[in-house]
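Step one of this worksheet: look at the structure below.
Derivation of every value follows stated rules applied to the coordinates shown; laboratory data play no part. All of these numbers come straight from a predicted model, not from anything done at the bench. Virtual Cβ from ideal backbone geometry, glycine too; neighbours counted across all protein chains shown.
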Amino acid sequence: MGIRIITDSASDMIAERVENFEFIPLTVTFGEEEYLDGINLSHQEFYEKLIENDELPHTSQATPFVFEEAYKRAVEGGDEVLVITMSAKLSGTWQSAVTAAGSYEGKVFVVDSENVTVGEHALIDYAVRLRSQNKTVNEIAAELESAKKRIRLVALLDTLEYLKKGGRISKAAAFAGGLLSIKPVVAVEGGEVVVLGKARGSKQGNNLLCEEIKKAGGIDFSMPHFLGYTGLSDALLQKYIHDNEALWKDGIKELRITTVGGAIGTHVGPGAIAVAFFSV
């Protein structure tokens, strides 16, 4: 009997090659056209469509039926199931996963990551590590519930407009960050998006990102950590890495970088960079 790890596409793990792993796509809709995030809409295709379309896309949560079908495949194959979802405060996907698990008591365990994208990714990566250590599914789920409190996701956005239109932050918070040339710095705290500060230009924004890392006590390089970016170019992220080399050079040999797809890109827009790590 193995442990099947299932997540949603908001984790941005579509390019990962992980054994006994499956992701459930959220739906991204442009006008009348629906796409399954990471299935028939790649990250690059999403941002190309974002540029081409005047109307902003919207996302829909994964349904209980889709989760139940995934559970059925896993359980019939002799596996127990560990499900790690994006924050329940940002999407109904967690509730869908829990509802579907009702038919598989003792076989399916659902963990709310209280995070998204690279933050969610970091928790899943830790789960894969624990599974390789032959932990039971109960032990892994319990450890994740504790470990997720240490994950910090901080991001520098080009604008708050996408978050406002998607209803992920208040209009007042968006207005405060919407002044000319202001780059908002946001985080996921307690499963919700919060605005930490505002910077004039990307250089000051990079400084704010570094300050937030230091406030957290630094990065635990023994745990999973990721950098992510939205849009068609990683130029801003590469500049951030270069300008803040001191943060990384003594801790790791290689930085793990991922693109952020349509499930989250819909709500933050292009031109964002994000850092996710376990605090010391």
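Of note:
- Structure-derived P(r) over Cα pairs in 10 Å bins from 0, in percent - corresponding label in (i) 7, 30, 36, 21, 6, 0; (ii) 6, 25, 28, 22, 12, 5, 2, 0; (iii) 6, 27, 37, 25, 4, 0: (i)
- Crossing angle, helix 137-147 versus the chain [Cα axis fit, 0-90 degrees, rounded to tens]: 20
- Inter-label distance for residue 248 and residue 22, nm, one decimal - labels placed 7 Å from Cα along Cα-to-Cβ: 3.4
- Listed residues 133, 44, 204, most fluctuating in the chain (Gaussian network, C-alpha, under 10 Å): 133
- For the chain, a Gaussian network of Cα nodes joined below 10 Å ranks 14, 51, 39 by mean-square fluctuation, and the top entry is 51.
- Counting only aspartates and glutamates at least 8 places from residue 49 when in the same chain, those with an alpha carbon closer than 20 Å to its own are 12, 32, 33, 34, 37, 158, 161, 234.
- Helix 201-215 vs. the chain, principal-axis angle (Cα, 0 to 90°, nearest 10): 50
- The chain: relative contact order as a whole-number percent, Cα under 8 Å and 6+ apart: 22
- Taking GluC sites (Glu not before Pro) across the stretch 57-148, the ones in a DSSP loop with at most 11 further Cβ atoms lying within 10 angstrom of their Cβ are 105.
- Ranking of 121, 58, 242 by count of other Cβ atoms within 10 Å, fewest first: 242, 58, 121
- For residue 91, distant residues with modelled amide H under 5 Å away: none
- Centroid-to-centroid, using Cα positions, the stretch 227-280 and the stretch 123-150 are 24 Å apart.
- Over 30 Å (Cα to Cα) - which of 148/183; 135/249; 183/249 fall in this group: 135/249
- Computed from point charges on the beta carbon alone (+1 for Lys and Arg, -1 for Asp and Glu), the dipole magnitude for the stretch 3-148 about its Cα centre is near 680 Debye.
- Exposed-site-free run, longest, the chain (rule: trypsin sites (Lys or Arg not before Pro); DSSP loop; at most 13 other C-beta within 10 Å): 18-248
- Spin-label model, residue 52/residue 133: points 7 Å from Cα along the beta carbon direction are separated by 4.6 nm.
- Evaluated with a Cβ-only charge set (Lys, Arg +1; Asp, Glu -1), the chain carries a dipole of roughly 1060 debye about its Cα centre, given to the nearest 20.
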